[in-house]
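Quick note: the coordinates plus some simple rules give every number you see, no bench work behind them. This one's a predicted model, so the numbers in the text were calculated from it and none came from an experiment. Positions of Cβ are backbone-derived with ideal geometry, glycine not excepted, and every protein chain shown enters the neighbour counts.
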Amino acid sequence: MTSSSEELLPGTQRALLHRIAVAQREGRAPSFAAAVQRDGHLVWTGARASVDGHAPDADTQYRIGSITKPFTAVLVMRLQDEGLIDLEDALEKHLPGTGAGEVTIVQLLGHSAGLSAEAPAPWWERTPGSTRPELSDVLGGGTGVHPQGRRHHYSNPGYTLLGSLVEEVRGVPWEEALSQEILEPLGLSRTSTQPQAPHAGGWAVHPWADVMLPEPTEDLGLMAPAGQLWSTAADLCRFAAFLATGDDLVLGAESVREMRTPSVPPEAGEWNSTYGLGLQIIRSEGRTLVGHTGSLPGFLAGLWVSVDDGVTAVALANATSGPPTAMVAADLVHIVADAEPRIPEPWRPLPEADQELLALTGLWYWGTSAYGLRLVSDGGLELDPLRGGGRRSRFRAGVKETWTGLDGYYAGETLRVVRRDDGSVSHLDLGSFVFTREPYQPGDAVPGGVDPAGWRGFRS
């Protein structure tokens, strides 16, 4: 067990170790490795193994299966940020002749392109990639199993197409783009397409007996962008931290935020789980966690980050089934965030007060609903209902007395100041909604006008 200068409390460390110890024993995993990172620091690692004295550490490689997909998604998002593609482009525009029709890049990223879940038989995870040398061998006749863009349907072949898109646009193999554009800039020296010692071996554990069988380790060929990678608990924590904050060397904060935004509605009955762009999104114990799970014969992996708490957790096991790595990784996040909640940054005032902006703050009315408008330390605004339900939102400063909504109903909408001819403020316009200083005041710019008789009582 290791920790940095940001060391966790002994009770928290013991709770983390207990959780993975239970998972390794009850899941009957030959080995189990885990790590937690908080606010950019690796604060805990732990491991359990069935062979005394041979426990893995945070630098032992495991195969991570579909956690490869976020890496591929980052490569695609980089193409968008460089202006080489648009996510709304049809795949055919950049990668013609696939037979996948007019599915769009964003649909492939979010698994809403309607493609089949798997490649044609034999099972691609347990056979060499040479079995499927062409994209047509990966797609087979399984295209169009659902209408495109209408529902989430997880598709491994879809990520094969995205890997081929990266190769076509970049002019280099997917593996080379991955190394140059993600692994090297982020310092992920223990993440690779082929196993590098020390690494765990993959095992199948008999369902009814405590005996094991080695699983084959195949090079997935064209399917590699969907599940090829090997990595470590430490490397994956660093990668997950990047998914929370961005890194201008790889992908900026706005683009990783786009990846973390739901791209399709969840399935009925699965309101606590959805998918962004290359990232799974779940709601667990009151927290939003983003990340991904992974499995290949002989290996299970889970990676989650709570952006609000600044806590990342990774769980890895070398068993085909049994240990619930995804659940364990989520539990590790909750253990740390609950026992040692994030210390908020100190409140700080604005460096200077803009008097005209300050004059906009305070009470405003949308019809008869009262709202408070606050100026916050980053120069943005917050609009909150003061009584009962209502639509609250935060706004980022724009140009010429405009602000852009960041969340809630008004996300992406423009808040602007409307002034009279004499320069005084008439009202605020928020996506056509008028906010005035008084409710239905005669002479105000109230849509539909105000009854000239004004407010009145009622006699029965």
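Observations, loosely collected:
- Sparsely packed loop sites in region 107-205 (the chymotrypsin sites (Phe, Trp or Tyr not before Pro) outside DSSP H, G, I, E and B with at most 12 other Cβ atoms within 10 Å) comprise W123.
- Taking label positions 7 Å along the Cα-Cβ direction at both A370 and L9, the computed distance is 4.0 nm, reported to one decimal.
- The stretch between A121 and T404, if pulled fully straight at 0.36 nm per residue, gains 96.9 nm over its current Cα-Cα span.
- Rounded to 0.05, the FRET efficiency of the S284 and E26 pair, given R0 = 22 Å and the Cβ-Cβ distance, is 0.65.
- Full-extension gain in nm, R416 to S321, via 0.36 nm per residue minus C-alpha separation: 28.7 nm
- Counting every C-alpha pair in region 384-460, the share spaced more than 19 angstrom apart comes to 48%.
- Share of pairwise Cα-Cα distances greater than 38 Å in the chain is 35 percent (whole percent).
- Around A197: net Lys/Arg minus Asp/Glu count, Cβ-Cβ under 11 Å: 0
- Cα-based convex hull, region 5-134, per residue volume (Å³, whole number): 193
- Distance in nm between pseudo-label sites at D451 and Q355 (7 Å out along the Cβ direction from Cα): 4.1
- Summing Cβ point charges (Lys, Arg +1; Asp, Glu -1) relative to the Cα centre of the chain gives a dipole of roughly 1320 debye.
- Sites R459 and E438 - FRET efficiency at Förster radius 30 Å, r taken between beta-carbons, to 0.05: 0.75
- 3J(HN,Hα) along region 65-70: x, 6, 5, 4, 4, x Hz, from the Karplus curve 6.51 cos²θ - 1.76 cosθ + 1.60 with θ = phi - 60°, whole Hz, x for Gly and Pro.
- Nearest-0.05 FRET efficiency for L386 and E134, computed from C-beta distance (R0 56 Å): 0.35
- Loop-located chymotrypsin sites (Phe, Trp or Tyr not before Pro) across region 321-366 with a Cβ neighbour count of 16 or fewer within 10 Å are W347, with loop assigned by DSSP.
- Charge tally around A411: other residues with Cβ under 13 Å, Lys/Arg +1 each, Asp/Glu -1 each, net +2.
- Estimated at 0.36 nm per residue, the fully extended path between W208 and E102 surpasses their Cα-Cα distance by 33.4 nm.
- Electrostatic tally near R38: other residues with Cβ closer than 11 Å to its Cβ, Lys and Arg +1, Asp and Glu -1, net -4.
- Computed 3J(HN,Hα) for region 93-107, one whole-Hz value per residue from the Karplus formula 6.51 cos²θ - 1.76 cosθ + 1.60 where θ = phi - 60°, is 5, 10, 9, x, x, 7, x, 8, x, 9, 4, 9, 5, 5, 5, glycine and proline marked x.
- Relative contact order for the chain: 16 percent, from Cα pairs under 8 Å spaced at least 6 residues apart, divided by residue count.
- Integer Hz, Karplus 6.51/-1.76/1.60 couplings in order for region 344-351, x for Gly and Pro: x, 5, x, 5, 9, x, 4, x
- Neighbour counts of C-beta atoms inside 10 Å place Y410, Y62 in the sequence Y410, Y62, starting with the fewest.
- Relative packing of peptides 315-328, 436-449, 372-385 - highest average C-beta neighbours within 10 Å first: 315-328, 372-385, 436-449
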